[in-house]
Amino acid sequence: MKEAFHDTIRIVEVGPRDGLQNEARPLGVDDRVAMIEGLISAGLTTVEAGSFVSPKWVPQMAGSAEVLARLPRRPGLTYPMPVPNPKGPEAALAAGAEEIAIFASASESFSQRNINCSIDESFQRFAPVMDGARAAGVRVRGYVSCALGCPYEGKVALSTILGACMISAAMSCP
């Protein structure tokens, strides 16, 4: 089997999503748009601008559709929007997302606390998300949370990390 190597690295800025969702006080849409425009001005080209999650559970991400609609669109700029369950892609597509992101955890504790299901259940949820994204012609980025450690469990076993990566690869999720 020939190994594939890439000569580029894609840096994905997650602060407007991951960073802000951990803040006690939500930022308004205007402030979030200004923050992302600043990141783009600094040279970043891939920014998670928000997430399509229930505002009941993550109030900091309310208004993500409006944030996405107000961001500049030009070649080379992408805004992958994380969707943790099958409802998310519908909202992302309706908002004009051109790329979504799915994420599994390498930690059972983190998976339960973050998306309220086991690692195995998360991959079961992602299968219809992948099918819907393919049908709509939307790119999907996959990633594994807690690969470098978990805030609840500490060090995560390499076998668990590799297992999550192998399942992601089997789903054809880059």
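Placing unit charges on the Cβ atoms only, positive for Lys and Arg and negative for Asp and Glu, gives segment 1-144 a dipole magnitude near 180 debye about its Cα centre. Heavy-atom accessible area with a 1.4 Å probe sorts 166, 35, largest first, into 166, 35. Shown here: mean projected area of the Cα convex hull in nm², derived from the displayed model; of the candidates (1) 9.3; (2) 10.9; (3) 10.2, it corresponds to (2).
For segment 33-47, 3J(HN,Hα) computed residue by residue from phi via the Karplus equation (6.51, -1.76, 1.60; θ = phi - 60°) reads 4, 4, 4, 5, 4, x, 5, 5, 4, 7, x, 6, 10, 10, 9 Hz, glycine and proline entered as x. Per-atom-type breakdown for the chain gives carbon and sulfur 56% of the accessible area (1.4 Å probe, protein chains only).
Database remark: amide H of residue 142 closer than 5 angstrom to the amide H of 102 (H placed geometrically; neighbours at sequence offset of 5 or more, or on other chains; Pro and chain starts carry no H).
The values are calculated or read from the model by the stated rules, or taken from the named source; none is laboratory data. If you're wondering where the values come from, they're calculated on a predicted model, not measured in any experiment. Heads up, the Cβs are rebuilt from the backbone with ideal geometry, glycines too, and the neighbour counts pull from every protein chain shown. The area values use the complete protein model at the heavy-atom level, side chains included, leaving out ligands, DNA and RNA. Shrake-Rupley method; radii C 1.70, N 1.55, O 1.52, S 1.80 Å.
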